[in-house]
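Asker: Quick one: structure below, then a few questions.
The values are calculated or read from the model by the stated rules, or taken from the named source; none is laboratory data. Because the structure is a prediction, the values reported are computed rather than measured. So basically every Cβ, Gly included, is an ideal-geometry build from the backbone, and we count neighbours across all protein chains shown. The accessibility values were calculated without ligands, DNA or RNA, using every heavy atom of the protein model including side chains. Shrake-Rupley method; radii C 1.70, N 1.55, O 1.52, S 1.80 Å.
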Amino acid sequence: MKSISLYVNRNSFVHDVDPITKLIYIAFAILVPIIVPSFTISFICVGISLVLLAFAKVLRKTVPVFSFVFLVLITVVIIQGLFKPENETVLFQLGPITMYQEGLLFALTITLRVLTIVSAFMILVLTTKPSELVESLVRKGMSPSIGYMIVSVFQIIPEMMAAVSTITDAQRARGMETEGSFFVRFKAFLPLMGPVVLGALINTKERAMALEVRGFNSQVQKTYLYEEKTYAYSRLIRALLLLAIAGALVWRILS
Amino acid sequence: MNKIVVEGLKYKYPLSETLALDNISFSVKEGEFIGIIGRNSAGKSTLCQAIVGLVPHFYKGAYGGKVLVDGLEVKTHSIADISLKAGMVFQNPFTQVTGSKMTVYEEIAFGLENIGVPRTEMINRIDEVLHLFKIEHVKDHNPFDLSGGQMQRMAIASIIAMKPEIILLDEPTSQLDPGGSEEVFQAVQSLKNQGITILMAEHKMEKVAQYCDKVLLLESGKVVDYDTPEVVFSRNDLDVFGVTAPVYTKVCQALGVKKKGADTYPVTLKEAEAALKEMRR
Amino acid sequence: MIKVKNLSFSYKQNPQVLSDIQLEFDQRSTAIIGQNGAGKTTFVKLLKGLLKPNAGQIVVKGQVIKEQTAAELSRTIGLVFQNPNDQIFKRSVLEEVMFGPLNIKMEKSEAKEKAIEALRLVGLEHQLDINPHDLSLSEKKLLCIASVIAMDTDIIIFDEPTIAQDSNGKEKIRRIIRTLKEKGKLVMTIIHDMDFVAENFERTIVFNQGRVLADGPTREVFSQKQELLRAKVEPPYITQLADKLGIPGTILTIDEFIAKYHSVK
Ligand SMILES: Nc1ncnc2c1ncn2[C@@H]1O[C@H](COP(=O)(O)OP(=O)(O)OP(=O)(O)O)[C@@H](O)[C@H]1O
Ligand SMILES: Nc1ncnc2c1ncn2[C@@H]1O[C@H](COP(=O)(O)OP(=O)(O)OP(=O)(O)O)[C@@H](O)[C@H]1O
Ligand SMILES: [Mg+2]
Ligand SMILES: [Mg+2]
């Protein structure tokens, strides 16, 4: 079995920032555009995220994710632009197709929302080891069992992929065709699901025993292999982010 | 002082009809190294798990009798409490990886973090076991991307780094090269010399004979014999219990050569060499 | 039966695991021994077509294996995995063993017959309906052996078959290896039990850090003490005892020992 994580190991100040601050940043990037519904604000949020991703030297890694998101969003734009019930103002016509302003604006809002969220999350996911994130939450008082569960969730997809490749090896080793045309591979894929799920369940049980004897449930005060990350300016950043959220709220209430 | 006391232990797995452990009694002194032998399904793994508390707390099932681990009664204490005193390495190295760590180094740290070992000492201990079991060169590998033997070494290292007072090892050298097995037995011996109590289920009789103070022979969940390796391996009914004596003992038995001035056969290379040389004179 | 030329391999961007291996295999039963991490498992996975070489060529029975899928190759080569959990995926013992034969287009009745015969060899014929995950480790390993034997391939590779076996289980495996050999099959076994190697294999290959360190008739290999030491393996216990007593030559079995002991005396 192997494990793959989206985390990219680079040297950058973004990597140095502690996970909690990144979580607060996500809250900021989600909340502010909702509280202040203006295109400019949304653009600024996406912009900040992209700049940070670039500083973290992981911009290239975001391409597959963004491409997928765009694919979905383009369909949203088309459907909303063409068919939203409130559509009135014609924007332009292409043969029989009419694009309306209301739908397009609405779709654009959704698109920006999604982009702000995705890009903010990407900062966390690409520049933070899952274990590091969980560890800092556990240090803040979260129960280690829940922490372990979260790490496991991070690992589910890689583990499933590993299990699929293990079972595929077992199957082709004994004569089942799994290579070649799309059809062959598709046919081989279906019978995999049962064993993958069963295997995962059995693993869970054996793993639970391994955890037990390694003192996982012991009441002793835990220690940590890695020192807690303390980024020099994290307090300042956190304060600024929280201030921005509060500011947005105040603006909203006053106006 | 008795470190482990087992009295009339009976245990049946849920859904099973027969007793996996049937009225087992024995005791182990501090700093003793006990070998547990017996055929497949004799109950070796179950017995080890009964000492760390997985039996009955994890498996449930019907339980009778008493197990005392350093004075703690297993039945009335949680596995977590017992894990501070007794560590266990499981039979299958492939299924005892925690799955929450990205490298071999962090994997070994897992147990140490849980029992609250301070950071600098943690790092010292990890470096020490990595060196002891010769897996320094794979310390940054993913724990799953290892050869079978390397994984087994990691499993042993992870427990030994926790420095429990009692260590249970369930066939810990099954995938190790001969050099590696020897290193593990020597490491265990040096732990024993530091006063750590050790129980090991093992099929490699030559090693058991050379290193263990006493041998516990199990059959169908019952204790058949609990004595020194010489006495146990000199029995002429071992095959009834699905066990064979060390090669050295077999040779000497075939040649009718006993240990000088004793009624038992040689069980180690050294003893066999001495006895056979003696014979030739 | 197998020719390996200039074979090299590494996992992803890691350092080389196998470098420039040259080997030929004939009908002789062959043991592969060597240090943990030497590359033994990797080597047999390459032979089996489960991994693809970075460089070099493997020819099995005149056919370059690069041109075959692993599934096609499975009619010729069977491999018992080191970790039985990686091999087992069906819901009953019988289904598990029938999986291979059914894939190579055997009739259902014939496949069942083959499966039961193989299960009888390993002593699991009374547990046909049990879920393999409820078996113990030693039984799982035997089940994996049966699943491969049932396919009746000309080449059979065992990756550490004696793990977790008691003396009775080892005896079963010894008998299986002998029977397969008598049928003219190439039996190749990765193993760390040197006395088992000495008693059961004609040829022994020593791997060390991704290269072949020694290769030849078992007796010859076990007489090369320096090489063995370098590869972290040691001569069989019986050989060590014979050496201590100054018995000339390289003794491989208890019977040889007893015969020589008397004659030397
Ligand atoms: N999880 C389980 N559920 C039910 N029965 C079990 C379970 N584990 C073991 N047993 C049964 O308990 C008995 C003792 O098994 P155990 O695994 O302790 O034997 P062992 O001496 O360790 O064998 P081996 O040499 O194969 O490791 C066996 O009859 C076995 O079938
Ligand atoms: N999936 C993997 N990814 C990366 N490296 C691996 C992987 N599997 C094995 N390795 C490395 O390749 C080397 C050879 O491994 P291999 O499993 O072939 O060894 P082996 O000779 O079979 O050892 P053992 O006797 O311990 O089973 C080892 O150093 C191991 O760490
Ligand atoms: Mg066992
Ligand atoms: Mg291997």
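Asker: Set the bar at 31 Å for Cα to Cα. Now go through C:Lys105/C:Lys181; B:Lys134/B:Lys192; B:Lys222/C:Lys244; B:Lys259/C:Lys170 and name every pair that lies beyond it.
Answerer: The pairs that break the limit, which is 31 Å between Cα atoms, are B:Lys222/C:Lys244.
Asker: With a cap of 15 neighbouring Cβ atoms within 10 Å, and only residues DSSP puts in a loop, list the trypsin sites (Lys or Arg not before Pro) found in the stretch B:15-57.
Answerer: none
Asker: Checking understanding here: applying a Kyte-Doolittle mean of at least 0.5 and a length along the axis of at least 15 Å (C-alpha), which whole DSSP H helices in chain A pass?
Answerer: A:19-35, A:39-55, A:59-83, A:101-127, A:144-173, A:193-213, A:234-254
Asker: For chain C, what is the calculated [θ] at 222 nm in deg cm²/dmol (nearest 500), taking -39500 (n - 2.57) for each run of four or more DSSP H residues and dividing by its residue count?
Answerer: Rounded to the nearest 500, the figure is -11500 deg cm²/dmol.
Asker: Accessible surface of A:Arg207 in the full protein assembly, 1.4 angstrom probe, to the nearest 10 Å²?
Answerer: 30 Å²
Asker: Suppose accessible area is computed on protein heavy atoms with a 1.4 Å probe; arrange B:Ser100, A:Ser38 from highest to lowest. Mind dumping the intermediate values first?
Answerer: Details: B:Ser100 10, A:Ser38 40 Å².
Final ranking, largest accessible area leading: A:Ser38, B:Ser100.
Asker: Order A:Lys187, C:Lys114, B:Lys75, most accessible first, counting only protein heavy atoms with a 1.4 angstrom probe.
Answerer: A:Lys187, B:Lys75, C:Lys114
Asker: Oh, and also: Viscosity 0.890 mPa s, temperature 25 °C: Stokes-Einstein D of the stretch A:110-255 from its Kirkwood Cα radius, in µm² per second? Spell out each step's value before the answer.
Answerer: Numbers: Rh = 20.0 Å.
For these conditions, the coefficient is 123 µm²/s.
Asker: Here is a follow-up. Considering only protein heavy atoms and a probe of 1.4 Å, how much of the accessible area of the protein assembly as shown is carbon and sulfur, as a whole percent?
Answerer: In the protein assembly as shown, the share of accessible area belonging to carbon and sulfur is 57 percent.
Asker: What is the mean number of Cβ atoms from other protein chains located within 10 Å of the Cβ atom of each residue in peptide C:48-56, rounded to a whole number?
Answerer: 1
Asker: Got the relative contact order for the stretch B:124-229 handy, in percent, Cα pairs under 8 Å and 6 or more residues apart?
Answerer: In percent, rounded to a whole number, it is 20.
Asker: Rounded to the nearest 500, what is chain A's calculated 222 nm mean residue ellipticity when only DSSP H runs of at least 4 contribute -39500 (n - 2.57) each, over all residues?
Answerer: -24000 deg cm²/dmol
Asker: Right, next: The stretch C:54-109: which GluC sites (Glu not before Pro) are DSSP loop and have at most 13 other beta-carbon atoms within 10 angstrom? Please report the intermediate quantities before stating the final value.
Answerer: Values: sites: C:Glu67, C:Glu72, C:Glu95, C:Glu96, C:Glu107; in loops: C:Glu107.
Qualifying residues, ordered by number: C:Glu107.
Asker: Give the cross-link partners of B:Lys101 among the aspartates and glutamates, using a straight C-alpha distance below 18 Å as the criterion and excluding same-chain residues fewer than 8 apart.
Answerer: Within the straight-line cut-off, B:Lys101 pairs with A:Glu132, A:Glu135, A:Glu159, A:Glu206, A:Glu212, A:Glu227, A:Glu228, B:Glu113, B:Asp127, B:Glu136, B:Asp140, B:Asp145.
Asker: Could I ask something else about it? Per-residue accessible area for C:Glu113 at 1.4 Å probe radius, Å² rounded to 10?
Answerer: Rounded to the nearest 10, the figure is 130 Å².
Asker: Order B:Arg153, C:Arg91, B:Arg235 by their accessible area, 1.4 angstrom probe, all chains in place, largest first.
Answerer: Heavy-atom accessible area, descending, gives C:Arg91, B:Arg235, B:Arg153.
Asker: I'm a student and want to see the number: the projected area of the Cα convex hull of the stretch C:54-155, averaged over all directions, in nm².
Answerer: Over all viewing directions, the stretch C:54-155 projects a mean Cα-hull area of 7.1 nm².
Asker: Once all Cα-Cα distances of the stretch A:78-179 are split into 10 Å bins that start at 0, what whole-number percent is in each one?
Answerer: 13, 20, 17, 18, 22, 10, 0
Asker: Now, a different point. Expressed as a rounded percentage, what relative contact order does chain B have, with Cα pairs under 8 Å and six or more residues apart?
Answerer: For chain B, the relative contact order is 22 percent.
Asker: Which whole number gives the average count of other chain Cβ atoms within 10 Å of the Cβ atoms across peptide B:170-179?
Answerer: On the way: counts 2, 4, 0, 1, 9, 7, 4, 13, 13, 9.
Mean shielding by partner chains, rounded to a whole number: 6.
Asker: With viscosity set to 1.306 mPa s at 10 °C, what whole-number translational diffusion coefficient in µm²/s follows for the stretch B:2-228 from Stokes-Einstein and a Kirkwood radius over Cα pairs?
Answerer: 89 µm²/s
Asker: Give me log10 I(q)/I(0) at q = 0.10, 0.14, 0.16, 0.17 Å⁻¹ for chain C, Debye formula, one equal scatterer per alpha-carbon, no solvent.
Answerer: The calculated log intensity ratios at q = 0.10, 0.14, 0.16, 0.17 Å⁻¹ are -0.53, -1.00, -1.24, -1.34.
Asker: So how much accessible area does C:Asp86 have, in Å² to the nearest 10, using a 1.4 Å probe?
Answerer: 60 Å²
Asker: When N is the residue count of the protein assembly as shown, what does its C-alpha Rg come to as a fraction of 2.2 N^0.38 Å? Write out the running numbers ahead of the final one.
Answerer: Details: Rg = 30.8 Å, N = 801, 2.2 N^0.38 = 27.9 Å.
My calculation over the Cα atoms of the protein assembly as shown gives 1.10.
Asker: Hydropathy at least -0.5 by Kyte-Doolittle, axial extent at least 20 angstrom from the Cα trace: which helices of chain C, defined as entire DSSP H runs, fit?
Answerer: Qualifying helices, which must be both long enough and hydrophobic enough, are C:108-122.
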